[in-house]
Structure formats: C-alpha cells, structure tokens
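Q: One structure, pasted below without further comment.
Each reported figure results from applying straightforward, stated rules to the coordinates on display, with no laboratory input. Please read all numbers here as calculations on a predicted model, not as lab measurements. Virtual Cβ from ideal backbone geometry, glycine too; neighbours counted across all protein chains shown.
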Amino acid sequence: MNGVLATYRRELRAFFFSPLAYVMLFFFLVVTGVIFVYIVGQLNNPASPGGPPLKFFFSATWLMLLLLGPLLTMRLVSEELRSGSIEVLMTAPVTEGQVIGGKFLAAFTFYTFLWFPTVGYAIMIALYEKVDWGPVIAGYLGVLLIGALFLAIGIFSSAMTRSQLLAAMMTAALLFVLFLLGVFEGMASNELLKRALGYVSIFNHIDELASGIVDTRRLVFYLSGTLFFLFLASRALEDKKWR
C-alpha cells in the first residue's frame, strides 16, 4: 500500500504542477459549458419536446470521455519507459501492480477534478426548477465508471510502448472499437449476439445511467473491465522490466 501511495502522490504532483493540466481543464470546461448552454437553449425552444437538461448533457458529453482517456494516460508509463526513469522506480521496494495502481488513482483523481466544476450546472438548474437528483447522481456515477475503464485501457496502452503518441493512438483505437460494438448491436440478427453487444454498448449504458437507471450488471462490467486492463498493464510493465 505504501508503494501505491508513493506513486499516487508523485503522479498527482505531476498532474497538478503541469501547465498542460490547466490548459486541459480550461478547454474541458469551455467545451462542456458550450454543450450545456446549447442544450438549455434548445430546451427553451417552444417546439422542443423538453426533458431533464442534465440527461441530455450526459448523453452529449460521451465524446469528452473518448478524448480524455488518451490525453490523461499517454505519458504515464510511456514517458518513463522512454527516459529510463522506470528502471530507477522499479529498483524501489514497489511492485509493478503498485506502480500501475498509483498511476491509475492519480489519473482518476485528476479526471474527477475535471468533472467536479460541472456540478455547478445542476445547481444552476436547481435555482430555477426542481431537479430530480437521482438521475444526476446516476449520471455522474456513469461518468466515473466509464472514465475508470477508459483510463485503465489508456494505462495499458501506455505500458505497451515508449512512444506517447503511439500510446494515445492505441488507446483511441481500443476505445473506438468499444464504442463501435454498440453500433453493431442494431445490425445483429442473432438474438444472443445482440444481447451480448447490448451488454457492452457504451451508448446504452450512458443513456440508462443518465435516466437514473443503475443496473448492477453495468457496475460489474466497468469494475471488472477496469481491473482486467490494470492487470494487463502490470504484466506489460513486468515484461518491460526484464528486457
């Protein structure tokens, strides 16, 4: 546990002391703010069918999830492999799993930090109309669960190569394939295949959670998927250690 905490503090300082992190925060808030304002404007149109603004907000910000995974994780292991600093790190009394765990927790903390200001959107809406907080909490739960899986996939990709660019491209490709599975659900004719694709469909998950539906199968999917890719990342790092 000490190894996890030491790595976590080290990576967290790297996130928050980097100017790039605040540039990312600025653009993230600008993009999510524009999306929120656009949704509210559309819902105020008399011709609009209406609905909870935050439900549409969560459904519209899936692209941000697709971008944050590669951006937050591409340097975590790749840069250390490229510079050789990973060799110094691995001579310390820490295991590969502790290193990967600490890096993941730091990335997840910063990821949560990015989303935290968007709670202000829900508060602003609550000032003018009644807000059903159940779907809002479920929506943020979905953001955190999906983000955790995407970050784990990104760390795995980062542990596979010394190139940050290649790590980002690998992460983007894997996430794109994961999103693409949901598209194939509507094309599947076999009922069993359709149910399997529906189980891993990110689009369905976002829509369900944004509507306040918390299915334990989704929790199992994201938690097990996150642990699986973190395990693969630790094995990849162990493999690099002996080369």
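Q: All other residues with a Cβ under 14 Å from the Cβ of residue 152 taken together, and with Lys, Arg as +1 and Asp, Glu as -1, what is their net charge?
A: So the surrounding residues net to +2.
Q: Please report, ordered by residue number, every helix of the chain (full DSSP H runs) that is 27 Å or longer along its axis going by C-alpha atoms and whose mean Kyte-Doolittle hydropathy reaches 1.0.
A: In the chain, the long hydrophobic H runs are 19-43, 133-159, 164-185.
Q: Roughly what would the spin-label model give for residue 63 and residue 132, points 7 Å off Cα along C-beta, in nm?
A: The modelled label-to-label distance comes out at 2.8 nm.
Q: Additional query: Under 18 Å from a label point 7 Å along Cα→Cβ of residue 194: give me every residue in the range 204-218 with its amide N that close.
A: 204-205
Q: Could you order peptides 148-159, 15-26 by the average number of other Cβ atoms within 10 Å of their residues, highest first?
A: Descending packing order for the listed peptides: 148-159, 15-26.
Q: Further, regarding this structure: Provide the gained length on full extension for the span residue 30 to residue 109, in nm with one decimal, where the gain is 0.36 nm per separating residue minus the Cα-Cα distance. Mind dumping the intermediate values first?
A: Values: separation 79, 0.36 × 79 = 28.44 nm, distance 2.02 nm.
Separation in residues times 0.36 nm, less the Cα-Cα distance, equals 26.4 nm.
Q: What is the gain in length, in nm to one decimal, between residue 227 and residue 123 on full extension, counting 0.36 nm per residue of separation less the C-alpha to C-alpha distance?
A: Contour length minus Cα-Cα distance gives 34.1 nm.
Q: On to the next question. For the ranges 171-180, 120-129, what's the packing order if you count other beta-carbon atoms within 10 Å of each residue, average per peptide, and put the highest first?
A: In decreasing order of mean packing, 171-180, 120-129 become 171-180, 120-129.
Q: When you count, for each residue, the other Cβ atoms within 10 Å and take the mean per peptide, how do 98-108, 137-147 rank with the highest first? The partial results should precede the final answer.
A: Numbers: 98-108: 23.7, 137-147: 19.8.
The packing order, highest mean first, is 98-108, 137-147.
Q: Right, here's the next one. By the scheme Lys and Arg +1, Asp and Glu -1, what is the net charge of all other residues having a beta-carbon under 12 Å from that of residue 206?
A: Surrounding charge for residue 206 is 0.
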